[in-house]
1. At a Förster radius of 56 Å, what calculated FRET efficiency corresponds to the Cβ-Cβ distance of B:R207 and A:A189, to the nearest 0.05?
2. Please give the peptides A:39-52, A:179-192, B:164-177, A:13-26 ranked by average Cβ packing (other Cβ atoms within 10 Å per residue), highest first, as a rough proxy for protection.
3. If amide H atoms are built 1.01 Å from N in the plane of the peptide, which residues on other chains or at least 5 residues away come under 5 Å of the amide H of B:R207?
4. Suppose we keep just the DSSP beta bridges with both residues in the protein assembly as shown; what percent of those would be antiparallel, to 5?
5. I need the phi-derived Karplus couplings for the range A:183-193: 6.51 cos²θ - 1.76 cosθ + 1.60, θ = phi - 60°, integer Hz, Gly and Pro marked x.
6. Quick one: grab Rg to one decimal and Dmax as a whole number for the protein assembly as shown, Cα atoms only, in Å.
7. At a Förster radius of 45 Å, what calculated FRET efficiency corresponds to the Cβ-Cβ distance of B:A60 and A:L21, to the nearest 0.05?
8. Would you compute, from DSSP H runs of 4+ residues alone, the mean residue ellipticity of chain A at 222 nm, taking -39500 (n - 2.57) per run and dividing by the full residue count, rounded to the nearest 500?
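All of the numbers you see were taken from the coordinates with simple rules; none came from a lab. As the structure is a prediction and not an experimental result, all values here were calculated from the model. Glycine gets a Cβ as well: all are built from the backbone with ideal geometry, and neighbour counts include every protein chain shown.
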Amino acid sequence: MNAVLVPAIRRRRVGLLGWSLGLLALVALVAVSYPAVRGNAELDRTFAQMSPAVRSLLGLGAGAALTSPAGYLNSQFFANLLPVMLLIFGIGGGAWAIAGDEAAGMLELLLANPVSRPHVAVARFTAVAVMICGLAVVTLAALLAAREPAGLGQVTPMHLTAAVAATAAMALVYSALAFAVGAGGGARATALATAGGAAVVGFVLEGLGQAVAALRPLRDLMPWHWLLAADPLVHGASWRALGLPLAVTVVLCAAGTVAFVRRDLR
Amino acid sequence: MNAAPAIQVDRLTRRFGRLVAVDDVSFAVAPGQVVGFLGPNGAGKSTTVRTLMGFLHPTAGSCRVLGVWPGRDVGVRGRIGYLPGDFRIEAGMRPSDLFAWFARVRGVPVRWGNELAERLDLDVSRPFGTLSKGNRQKVGLVQAFLHRPEVVVLDEPSTGLDPGSQRELLGLVRAAAARGAAVLFSSHVLPEVERVADRVAVLRDGRLIAFSPVGDLLDHARHRLELSFTEPVSADVLQGVPGVVGVQADGRRLDVVVDGPVGPALAAATASGDLLRVAPIGDELEDLFFAEAER
């Protein structure tokens, strides 16, 4: 694994540092803003009047108030900023893992060495997964450090951990989709468009599903729904929020690897 | 050739949809032998090489390196040095990092890469993107040779190299062959192959039209020359001269196409007036291939 995995991470270390700093800044911004929101009952009333679809998209499940610690964190961070950040990083990384490096000429060069295609495919997706987890750990550490000072102490460390882990798991699904499209022979742009499009569709269905009952079976298949409906920040870890996306990730990674072994390089 | 071939291409065919890129091609390279792989762009050289390396699957036939197909046998790849036709790595990567990485993967001392780079006068600490075209190609050469491979497969290795670096490339190839490596050297330029190869395999439209000792090919090669005189000349002076298959006069210049040795044509030209200058036109390869294909 060392031959492929570590160099893959090393090659992205500068980008990884930038993303870590960005996430730290976001957590800091969210944390220092909470004291100003906490006492604002007007905000609660405004948001309580919104449609269930919008409230659901904001991560405000039944009865959660925007000004409560969990409601605030969900609506300002866990239902939007963090998943979008991890999705962008994860989809970009998944498309880079095979398709991007193939277009850059590096893949053929690497495969002229004594490393097998399954090894290269699995190690390179693992590298992306490790980097997503690394960003999640940085985020979690910042949240845990900011929790008490920002007045968000009501949210337990366990639930914070579950929420960050579940968000990373959702990003992994779309990252694995981008990886699998590239491994199967798709160009980098195709991999990006497929996984990015799937993520957007999932998000839109989450909102529409509240209003349009006919769309609910489709919505229920979306990793976004697994995350938002399970609400790990309030309910803690669950199979739907963690086990299901990780299982789908493994299946996508395996399917991509099998396709990669059989095909011609471009 | 007593030794078992290190590279064996046997009735290889590769199609892309309806296009037949490589059509029933067979040739072999023995240890210590350099085979030039010649053909115009698009003749199927890269497809043959990439199938040989295991990046593409053969449609029919087979290709083997040291008895196995590298697409299936991962271990044999550590014994091959490969330079792709369009060598590039990501712009931010330093050559020293690439060499160290590949040396580790291939199980040889990391310093081998840097030693070779030093011989080629390559600065290994500058990011790939800041290097000149010739230096980028040198990075590709170093990574192909750094583990002292038993089999060397070079796809258009002299692309972008200045004449000095080209000589160094030919030196590397000769040294590899001298220590027993089998070398497949693809090119669309005859002169450089002529200087280093023992045999030449000529590919045209996916078919192998010649596989012969390099001397044989040169004996039969078709040359195109421009002869300049002090006075205007007529095309008649070269009509009927052995080997001359075409003459066109243009004032004080003759454009001559010769099959095989050029001696008789030059003798006739010298006899017919004051010959100022003899210059080859083009790299002759296209003409050469036509000559081979017609035979």
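1. Once rounded, the FRET efficiency stands at 0.95.
2. Values: A:39-52: 12.0, A:179-192: 23.0, B:164-177: 17.6, A:13-26: 14.4.
Top to bottom by mean Cβ count within 10 Å: A:179-192, B:164-177, A:13-26, A:39-52.
3. The list, which skips near neighbours in sequence, is B:D23.
4. The answer is about 65 percent antiparallel.
5. After applying 6.51 cos²θ - 1.76 cosθ + 1.60, I find 5, x, x, x, 6, 4, 5, 5, 4, 4, 5 Hz.
6. Over the protein assembly as shown's Cα set, Rg and Dmax evaluate to 32.0, 109 Å.
7. On the way: r = 55 Å, r/R0 = 1.22.
For R0 = 45 Å, the calculated efficiency reads 0.25.
8. Values: 14 runs with 190 residues, N = 266.
Value at 222 nm, helices only: -23000 deg cm²/dmol.
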